[in-house]
Every structure is written in structure tokens, then in C-alpha cells.
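The values are calculated or read from the model by the stated rules, or taken from the named source; none is laboratory data. Since this is a predicted model, take the numbers as computed values, not measurements. For neighbour counting, all protein chains shown are included, and Cβ atoms are generated from backbone atoms with ideal geometry for every residue, glycine included.
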Amino acid sequence: MVKLYFPDLKRTEWLYRGSSRLWNIFEKQSQSEKGIRSRNSGLAYLNKPFVEYTSIEEDPHVLNPSVKSVARKSTSKGSTLQTDTTTEQKTTQNEDYRTIKLKLPDNIMFPKLYLPHKCKPSCIDWTEYDYSKTKRVNVLSIPLYFGFRRAVVTFNKELKNVMYKTPCGRTVRSMDEMYEYLVLTNSKMTIDLFDFSGWVKIMAEFRVYKSIVSIEDLSMGKEFRKLTCVNNINDKLPPAMEYMTTRKAMPGVNLNVDSNFLCGCDCTDNCRDKSNCACWRLTFEGQEMIPNLYKDPNIGYINRRLPERVLSGIYECNSTCKCSDLCVNRVVQQPLSQKLQLFMTEKKGWGVRCLNDIPQGGFVCIYVGYLLTENDANEGGINYGDEYLAELDYIEVIEKIKEGYESDVSESDQENDSSRTDDKSTISESSDEDFQSTNEGTSRVVSDFVSRLRKRKTPKKDVTAKKDTKVVSNHSKLKVRDIKKKPKPTREYFGENESVYIMDAKTSGNIGRYLNHSCSPNIFVQNVFVDTHDLRFPWVSFFALHYIPAGTELTWDYSYDIGSVPGKVMKCHCDSLMCRGRLL
């Protein structure tokens with residue numbers, strides 16, 4: 001967005017950068033290639049006309065109605081889906097750091113010569129697979145250490161086809177075939193250890209050879225894989241914090257993780273059949289909360305990867321389920337699998353990059369911290385800083401989407417519905433001036449219903465209309481289908497004086513706290529319910545938006561509300577062509 005100042009009116013106004021009111025400025029910029037670059041990137045380093053933010057103070061209530069005391073990242077708003085892979089930050093190859101191709105050990109296991117047979121557990125028993133022995137290995141290269149081989153065949157210098165050789169010599173060409181093989185052989189490997197994308201290089205690894213500061217393991221052994229830390233810019237160390245892998249509720253936050261309040265499944269196929277899994281059904285039913293949304297029958301994880309964001313949330317299998325850890329619906333609850341590195345950036349402070357290629361939909365990590373009430377988060381943010389606050393606004397975002405859907409329903413549509421409803425209805429002869437028409441009465445009922453729906457507090461059950469001797473209420477004449485158009489308010493999950501909860505990772509957290517913002521992110525945030533089905537407390541999880549090469553910084557869209565914090569301005573340094581120029 002851009003902010004314009006009108007001297008004659010002595011006021012400022014925010015406009016979207018695509019607004020037609022900015023056409024004159026855009027037209028001048030489009031006359032030169034440099035002007036186009038300046039417009040897209042939000043940088044003003046060229047001596048050309050450009051849109052620039054100023055520091056003129058304005059009334060924050062005019063800019064943004066949702067004024068906040070501190071800045072809080074959104075964990076539920078629609079993140080930017082536009083990607084700018086051409087300008088995505090990639091580390092330059094030099095003598096201090098570069099991406100190399102790893103070699104397998106000489107004593108590695110090789111597949112046997114294939115002989116016609118029916119695959120069974122003895123086909124892989126001799127490899128003695130043990131996941132605990134793979135802490136130093138790229139997750140996608142694990143099968144190569146236990147009898148598998150991966151080959152990439154190129155056709156016409158463009159089309160790439162990936163095939164695997166199994167320990168018993170069988171050739172596998174797809175994820176479905178591989179899953180079938182793992183089931184037939186009772187393998188302990190999970191399907192996400194394999195990848196059939198030709199552009200993913202499973203033996204590529206980013207290495208740093210020289211650094212001013214180096215830490216071997218930031219997590220101090222609390223993560224399954226070591227989290228290295230390097231600083232090639234200066235001699236600063238990461239801020240002191242307690243590393244933890246699970247969130248913790250502070251006083252005032254009633255987080256109930258008792259398994260008696262969970263719904264589990266009875267699946268024996270590790271939940272491969274989504275139609276028969278109770279946990280998958282919860283994910284499907286979550287779509288019903290959002291009206292006018294396409295109901296995707298294949299929503300959620302596919303082979304333990306998430307191809308796109310599920311706005312209504314994902315329900316993973318939990319401790320009450322009968323499926324094993326190999327279940328395809330257990331992803332974010334698993335130990336950290338990606339090899340990540342904390343490093344010092346040139347403009348944005350500390351950031352996180354991947355040391356190996358990550359395929360599209362691959363799970364990256366979760367965001368962990370202390371769960372606070374809104375009042376405690378505001379107080380702590382003002383006194384100690386708000387850079388690590390993440391808002392668990394799942395309910396609020398869902399509710400706003402539903403309210404937006406309601407506002408899209410035109411009055412004429414309501415009148416048409418009500419006229420169809422009352423075609424055969426009659427009005428009592430005692431009703432007169434105060435009740436002019438059936439349409440007006442019906443509109444009043446619908447309007448009252450919508451106003452109750454939007455109340456913050458839990459609506460009372462007694463919604464009986466006041467008696468009026470002159471007006472005969474037409475409640476009984478309304479069709480049930482008209483009422484069902486208005487979805488149940490998700491805010492009912494809040495108590496009367498309850499608001500959104502905040503995750504604070506300033507003093508205690510995990511690697512997720514260091515993920516930087518980008519207007520063209522390569523990872524997205526997903527709400528997942530694991531240890532509780534309480535909609536107020538989803539797990540904040542990150543997945544790859546697209547294929548991410550080794551050595552690339554991992555970024556997500558903070559979705560800050562510009563102008564929501566009075567007197568606070570934060571510029572964006574993501575250097576993307578889609579850069580909005582400002583975070584806050």
C-alpha cells in the first residue's frame with residue numbers, strides 16, 4: 001500500500017498500489033525500465049518518479065480500525081501466494097560458503113539384482129533401517145543409506161523422470177507405488193523420505209567454511225537434528241533464550257491438553273483411506289465453517305506433504321488414535337527433520353536458511369513460545385519489545401471471512417428469498433401501520449439474526465421477540481434454509497471477556513522465532529490441531545510454498561496490519577519485486 005498526503009486538505013490517505021487513482025504516477029514510471037523496477041520493488045534508489053512513504057503522523061483510527069498496542073504477526077490471515085522465484089534470496093557461491101554435492105560412503109548398501117518375486121518384509125530386513133542413526137543425514141537421502149537408489153532420467157533436455165531402485169531390485173516410479181512397497185515390506189520408513197520431483201537434488205548441501213561466529217547446535221540437543229548457527233557479518237551472537245520444543249501456557253491461559261477431550265480414529269491402515277478416518281473427517285468438516293468455499297475431497301496432507309494451505313485448519317491424529325507413528329496424518333508432531341541453519345543477514349538481523357533442498361509442501365518447523373493473554377502480551381510488548389509476538393487469530397480470521405460472505409448477499413437476494421417464503425403466508429388483520437409489508441418484516445428478522453451473529457460475546461439462547469399487540473412476528477414463516485445460510489459464529493468459542501491469545505517467543509522459543517518476513521515468501525503458515533481440538537490453540541506450523549533450493553533463506557508473510565500500531569513504522573527489506581515497502 002502507499003500513503004498519499006493532500007496539502008490542501010491537510011490529511012493523509014492509504015491506497016492500494018494497484019488503485020486507479022495512482023495511474024498518473026504509474027504511467028510516468030512505465031516510460032522507462034528503471035521506473036518499472038523502482039515501482040515493483042518499492043525502492044527509491046533511482047532518480048525517477050516513484051511512490052514513497054513519508055513519516056507524517058496521522059490518526060491511526062482512520063488508517064486502520066483495528067488499532068493495537070503492539071505489533072503481532074498473524075498466524076491465520078491469507079499469506080501472500082504470489083511468489084517471486086527469480087529474486088528469491090539465494091546465497092552467492094564463494095570460498096566462504098557454497099552448495100556442494102555430497103558423496104555416499106564407500107561401504108554403502110546397494111540394491112540386489114532383481115529376480116521376479118512377491119515383495120515381503122524379507123526384501124528390506126537385511127538393510128536394518130533405523131531412523132535414529134540418521135541425525136546427520138539429509139532427510140531425503142536417508143533411503144540411499146539403506147539399500148535404495150534414486151535415478152533422474154532427462155528427456156529432450158527438459159522433461160525429468162525420477163525412479164527408485166528398492167533393496168530387492170524392484171523399480172518404483174511414483175509415490176503411490178512406493179507407498180504400496182513400504183506397506184508390503186512392513187518398512188519403518190515414512191513416505192515423505194522419498195521424492196519424485198526432478199528438480200529436487202537430494203544430495204545437495206549448503207556448507208559454510210569460514211565464519212566469524214559459529215555455534216554447533218543452537219538447540220543444545222533438544223532437536224533431533226543439530227541447528228547450526230553462523231555469522232559472517234560481525235561478531236554478534238544470537239540473543240540469549242531458553243530453547244524449547246513445545247509451547248507453554250502462562251497464567252490466565254486455560255490450555256486443556258487432556259486426551260479425554262480428544263477425538264481419535266480406529267484406523268489400521270495408518271489413515272491412508274481418508275474416508276474412513278475420524279481425524280480426516282474433522283478436517284473435512286472444518287470446511288463447513290466457511291460458507292461458499294469449494295469443498296475439496298482431498299484436502300490436507302498428501303503423502304505427508306501439504307501442497308496448499310488449508311484455511312479451516314488440519315486435524316492430525318493424536319494420542320487416542322490406534323494408528324502408528326508411520327501414519328500419513330502425523331506430520332507437525334514429528335521431530336524436526338529438516339537441516340536448518342541460523343545466520344546473520346545484511347539488513348534483517350538473524351534469519352533461517354535450509355541446508356538441503358526442500359520439496360513443495362515439505363514440513364519445515366513449528367513456532368513455539370509462551371501462550372499469553374492479550375493484555376499480558378500488550379504489556380510485555382510495550383515494555384520489552386513485540387518482535388516475537390504471534391497472534392493465534394484463527395477464530396477471528398474465520399469469523400471475518402464469514403462476515404465478508406454475509407456482506408456479499410445483496411438486499412435484493414434477501415427480498416427474493418423472503419418473497420418466495422411468504423407467497424402463501426397471510427398477515428393477521430390486527431396488524432396495520434407498523435408492519436407495512438411481509439418483505440420488511442422478513443428483512444428485519446434476518447438483520448436481527450446477523451447482528452446477533454456478529455456480537456463478540458456468546459449470544460444468549462433466549463432470542464424470543466418482544467410481544468407487540470400491533471405487530472404479528474413472521475418468525476414461523478421463515479424457511480429453515482434461510483437461517484442456515486448464516487453460519488454459526490465461531491466467536492462462540494470465546495468466553496464473555498475473552499480475546500485472542502498470543503504466542504511470545506522472545507525469551508523462550510525454537511528456530512521458528514527467527515524466520516523473517518518477505519512479501520514474496522517461500523513458506524506459508526498452517527494452523528494444525530494436535531494435542532487439543534480447542535479452536536483457540538492451534539499449532540503454528542510452516543510448510544514449503546514451492547521447491548526451495550539448499551542455501552535459501554526461509555521467509556513467511558507476517559501479515560501485519562499497516563497503521564495498526566500508532567506511531568510505529570517498520571520498513572520492509574525483503575528485496576522482492578513484489579515488496580510492499582513497509583511491514584507496519
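Data for the structure
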read-out: Enumeration of residues in the range 177-201 that are in a helix (DSSP H, G or I) and in contact with a Pro (Cβ under 7 Å, 6 or more places away or on another chain); value: L193
read-out: Evaluation of C271 against (1) in a loop (DSSP other than H, G, I, E, B); (2) among the hydrophobic types (A, V, I, L, M, F, W, C); (3) more than 24 Å from the chain's Cα centre (by Cα) (one fails), failing number; value: (3)
read-out: Residues located in the range 130-142, provided they are in a loop (DSSP other than H, G, I, E, B) and either among the polar types (S, T, N, Q) or more than 29 Å from the chain's Cα centre (by Cα) (or both); value: D130, T134, N138
read-out: Positions within the range 385-401 being more than 24 Å from L515 (Cα to Cα), more than 15 Å from the chain's Cα centre (by Cα) and in contact (Cβ under 8 Å) with a residue 24 or more places away in the chain, in sequence order; value: E399, I401
read-out: Check on K226, touching an Asp or Glu at 6+ places or on another chain (Cβ under 6 Å), under 24 Å from Q338 (Cα atoms) and not β-branched (V, I, T); value: yes
read-out: Residue check, E288 under 20 Å from the mean Cα position of the chain (by Cα) and assigned to a helix (DSSP H, G or I); value: yes
read-out: Qualifying residues in the range 252-268 (those that are in a loop (DSSP other than H, G, I, E, B) and free of Cβ contacts under 8 Å to residues at least 24 places away in the same chain) - the one nearest to L306 (Cα to Cα); value: D258
read-out: Every residue from the range 288-313 that is closer than 28 Å to D195 by Cβ and among the acidic types (D, E); value: D296, E308
read-out: L336 vs. criteria of a type in the set (A, V, I, L, M), within 23 Å of S132 (Cβ to Cβ) and crowded, with 21+ Cβ neighbours inside 10 Å; value: yes
read-out: Residue count, the range 362-379 (criterion: under 13 Å from Y501 (Cβ atoms) and surrounded by fewer than 20 Cβ atoms within 10 Å (Cβ to Cβ)); value: 5
read-out: Which numbered condition Y145 misses (of (1) surrounded by 19 or more Cβ atoms within 10 Å (Cβ to Cβ); (2) not in a loop (DSSP other than H, G, I, E, B)); value: (1)
read-out: Restricting the range 217-239 to residues that are in a strand (DSSP E or B) and β-branched (V, I, T), the residue that is farthest from R136 (Cα to Cα); value: V230
read-out: Filtered residues of the range 562-575 (kept if farther than 30 Å from D357 by Cβ, crowded, with 18+ Cβ neighbours inside 10 Å and not hydrophobic (A, V, I, L, M, F, W, C)); value: G563, S564
read-out: Residue list for the range 202-216, filter: within 16 Å of I142 (Cα to Cα) and either without any contact (Cβ under 8 Å) to a residue 24 or more places away in the chain or assigned to a loop (DSSP other than H, G, I, E, B) (or both); value: I202, M203
read-out: Residue in the range 160-168 that is under 27 Å from K112 (Cα atoms), charged (D, E, K, R), at pLDDT below 95 and not in a loop (DSSP other than H, G, I, E, B) present; value: yes
read-out: Strands (runs of 3 or more DSSP E) completely within the range 489-584 that count 1 or more residues being in the same structural domain as T246 (by TED's automatic domain parsing) and touching a helix residue (DSSP H, G or I) at 6+ places or on another chain (Cβ under 6 Å); value: 501-504, 523-529
read-out: Residue match in the range 113-128 (condition: under 12 Å from M189 (Cα atoms) and touching a Phe, Trp or Tyr at 6+ places or on another chain (Cβ under 7 Å)); value: yes
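Every residue, every condition in (1) in contact with a Gly (Cβ under 7 Å, 6 or more places away or on another chain); (2) more than 21 Å from H546 (Cα to Cα); (3) crowded, with 20+ Cβ neighbours inside 10 Å, yes or no:
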position: W126; (1), (2), (3): no, yes, no
position: V152; (1), (2), (3): yes, no, no
position: N156; (1), (2), (3): no, yes, no
position: V162; (1), (2), (3): yes, no, no
position: L193; (1), (2), (3): no, no, yes
position: I202; (1), (2), (3): no, no, yes
position: Y209; (1), (2), (3): no, yes, no
position: L218; (1), (2), (3): no, yes, yes
